[in-house]
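Asks: Mind having a look at this structure? Questions to follow.
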Amino acid sequence: MAVTLKDIAERTGVSPSVVSTVLSGRDNGTFVSETTRRKVLQVAEALNYTPVRSGRPRGSKRLRRQREEQFIGIWDPDYSSSSASQIQHLQTALRTVVKERGAEAEDDFGLRLLNVEDLPRLDSIGIMGIVLLSSTLLPREAAVATIPCVMIGEVDNPPREVSLVHMDNSAAGRDVGDYLWSLGHRTIAYLAPGDHPRVTRQRYQGLKGVWIKHHADPTHVMPVQYDTTPAPSQRDQIRRAVQSVLRPDILPARPTVLVCDNEHIAAVTAQALAEISIRVPQDVSLIAFHDTPRVADSMIPPLTTIRQPGQALAEASVRQLYAMHDEEEEGGDAAPRDLMFAGELIVRESCASPRA
């Protein structure tokens, strides 16, 4: 007599719908933990279960490669303008990596955007790993330690089980410094928030290192933290910082260029400069880290930036997730890593040599 789903369900102590979910690899609304999934597969093989429709042996390659091992969760509670671009890069990277791993035409894979309700059940929603797209870490109740986890970006004191994949911020700071020095700038201000000290510190050290290399006064590379006092909005905080940084009675010298930690800061800075009739780049130059598609080009004038290697970061993240997943499957310890990639200077019209 042929073995049925009910036979497997009775032997494993679960419902036939759970068995169907596991053996078909389809998401029918029934969530299955990894422990239960493995148990069902073991029982199916032990009973030599063969589906009547296809006649495919249940010990086949496809049975051993369930769909949940192909899906990656995305955690991004601070959705920003760069998130959509990063997700597109991840989709491309996932297709590339899954194909390299020998996916069959009928296999399924993709990304799943996670929400707060998903966090308590990460072990049962069918994902093989998580990519963090913001610096907001998963809460501890999300059981990060049991699921491979990669952050695209950096954070101070990251959990030891989280791999970091990010742009080389020290090198990016040096690239900006070298470019500005070549234009003749000798006094610059770096506008950045205070909530990402690891990243801003590395960029600032890279900038200052260029001045040290040229035996120039490093105090003329001035860090300006805009969120030092309460204000109605981040926009007002940035505007106040921009207005104060151009007052020579406060700083050692008036900067000829403003370096912004991201494009949003640069956009608000450009508006603040226009409000006080300071032209870019005739009166002061403007440059930023990050390069979101269509944002920098749409500014007036178009913004010079350091572009993050989005596709390289995405592909490295997916490969690292699979490497950590494979190590866990083989009974070893997943090895988190810190992977860095060079950014690219994109020269547009917001920077020029300082006025004589």
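Asks: If you take the square roots of the eigenvalues of the alpha-carbon gyration tensor of region 169-308 and sort them as a ≥ b ≥ c, do you get rounded (a/c under 1.5), prolate (a/b over b/c) or oblate?
Replies: Rounded, because the longest to shortest axis ratio a/c is under 1.5.
Asks: Let me ask something else about it. Give the order of 278, 238 when sorted by the count of other beta carbons within 10 angstrom, beginning with the fewest.
Replies: Details: 278 16, 238 25.
Ordered by Cβ neighbours within 10 Å, fewest first: 278, 238.
Asks: Residue separation times 0.36 nm, minus the C-alpha to C-alpha distance between residue 277 and residue 156: what's the value?
Replies: On the way: separation 121, 0.36 × 121 = 43.56 nm, distance 3.82 nm.
Stretched fully, the residue 277-residue 156 segment lengthens by 39.7 nm.
Asks: Taking the highest mean first, how do the peptides 257-269, 341-353 order by number of other beta carbon atoms within 10 angstrom per residue?
Replies: Top to bottom by mean Cβ count within 10 Å: 257-269, 341-353.
Asks: Given labels modelled 7 Å from the Cα in the Cβ direction, how far is it in nm from residue 297 to residue 83?
Replies: Distance between label points: 2.4 nm.
Asks: Work out the FRET efficiency for residue 42 and residue 201 from their Cβ-Cβ distance, taking R0 = 56 Å, and round it to the nearest 0.05. If you can, show how the numbers build up before the last one.
Replies: Working: r = 51 Å, r/R0 = 0.91.
So the FRET efficiency works out to roughly 0.65.
Asks: Put a dot 7 Å past each Cα toward the Cβ at residue 344 and residue 100; how far apart are the dots in nm?
Replies: 1.9
Asks: Additional query: Please rank 290, 196, fewest neighbouring Cβ atoms within 10 Å first, as an exposure proxy. Please report the intermediate quantities before stating the final value.
Replies: Values: 290 24, 196 19.
Lowest to highest Cβ neighbour count: 196, 290.
Each reported figure results from applying straightforward, stated rules to the coordinates on display, with no laboratory input. Quantities reported herein were computed from a predicted structural model and do not represent experimental measurements. As a convention, Cβ positions derive from the backbone with ideal geometry for all residues, glycine included, and neighbour counts pool all protein chains shown.
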